[in-house]
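Single-structure report; data block below.
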Amino acid sequence: DSGVTQTPKHLITATGQRVTLRCSPRSGDLSVYWYQQSLDQGLQFLIQYYNGEERAKGNILERFSAQQFPDLHSELNLSSLELGDSALYFCASSVVSGNSPLHFGNGTRLTVT
Amino acid sequence: SQQGEEDPQALSIQEGENATMNCSYKTSINNLQWYRQNSGRGLVHLILIRSNEREKHSGRLRVTLDTSKKSSSLLITASRAADTASYFCATPRAGLGGNTPLVFGKGTRLSVIA
């Protein structure tokens, strides 16, 4: 058990809809990252937060947004969903990024129909 | 953008054999990490090797790092069916900077046949 909790585990929704994915980091970790994993693109970094502030952005679409709350949990909001957004979305946490291991949750599998 | 690229994309071996996976990266780094992913699950950290280290061991895992060639290898000795998984290398996106996210390669799918 990594200590990182993601909800929900599965999400099925229709094109054009909006969903929110939730992540609770491992106790003591200040950095939260969101990654998208699809068969064709592999594991893509989306966005990083550190202690409530956005720290780094990756290949995150404008339709997607995220935030980290004072209790350090994070939410990833995906709107105007398209079929191509179907993927596994992972949250990971670490004490300090880049120089320390990431602890991954088990992901949210999003299916857009 | 991808920093690391694993090779081969897929590897199938018999139980008891050794498995070697390679990773090449593009820019200078201060550390490189290897992760394992069982099908549909989250990634699990295996080992971190710093740029001033050439080799590191953890149980049946051996990782090497050659910064002059910008490459790393992961060796799993005496493989077991339970080692069947995808293996990823990851490097800091900013290379030498701290507090920077990790970027992952596309992974090597290892199948260990009992």
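The values are calculated or read from the model by the stated rules, or taken from the named source; none is laboratory data. Please read all numbers here as calculations on a predicted model, not as lab measurements. As a convention, Cβ positions derive from the backbone with ideal geometry for all residues, glycine included, and neighbour counts pool all protein chains shown.
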Problem set entry | Residue list for region A:68-77, restricted to those being touching a residue at least 12 places away in the same chain (Cβ under 8 Å) and over 10 Å from the mean Cα position of the chain (by Cα) | A:Gln68, A:Phe69, A:Pro70, A:Leu72, A:His73
Exercise. If you scan region B:56-114, which residues turn out to be without any contact (Cβ under 8 Å) to a residue 60 or more places away in the chain and among the hydrophobic types (A, V, I, L, M, F, W, C)?
Worked result: B:Leu61, B:Val63, B:Leu65, B:Leu74, B:Leu75, B:Ile76, B:Ala82, B:Ala85, B:Ala94
Problem set entry | Within region B:1-21, tally of residues that are touching a residue at least 60 places away in the same chain (Cβ under 8 Å) and assigned to a strand (DSSP E or B) | 10
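Based on this model, can you work out whether A:Leu110 counts as in contact with a helix residue (DSSP H, G or I) (Cβ under 8 Å, 6 or more places away or on another chain), in a strand (DSSP E or B) and touching a residue at least 24 places away in the same chain (Cβ under 8 Å)?
On the way: in contact with a helix residue (DSSP H, G or I) (Cβ under 8 Å, 6 or more places away or on another chain): yes; in a strand (DSSP E or B): yes; touching a residue at least 24 places away in the same chain (Cβ under 8 Å): yes.
Judged against the criteria, A:Leu110 is a match.
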Problem set entry | Every residue from region A:19-47 that is over 9 Å from the mean Cα position of the chain (by Cα) and among the polar types (S, T, N, Q) | A:Thr20, A:Ser24, A:Ser27, A:Ser31, A:Gln37, A:Ser38, A:Gln41, A:Gln44
Exercise. Which one of the conditions (1) modelled with pLDDT under 95; (2) crowded, with 17+ Cβ neighbours inside 10 Å does B:Ala19 fail to meet, given that it meets all the rest?
Worked result: (1)
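Restricting to region A:78-107, give me the number of residues that are among the acidic types (Asp, Glu) and either free of Cβ contacts under 8 Å to residues at least 60 places away in the same chain or on the phi > 0 side of the Ramachandran plot (or both). So that I can check it myself, show each step before the final result.
In the first step, residues of region A:78-107 are kept if they are among the acidic types (Asp, Glu); the result is A:82, A:85.
Still in the running and either free of Cβ contacts under 8 Å to residues at least 60 places away in the same chain or on the phi > 0 side of the Ramachandran plot (or both): A:85.
Adding up the residues that qualify gives 1.
With respect to B:Pro101, is the statement that it is touching a Lys or Arg at 6+ places or on another chain (Cβ under 9 Å) and within 12 Å of chain A (Cβ to nearest Cβ) true? Steps first, please.
Numbers: touching a Lys or Arg at 6+ places or on another chain (Cβ under 9 Å): yes; within 12 Å of chain A (Cβ to nearest Cβ): yes.
In short, yes.
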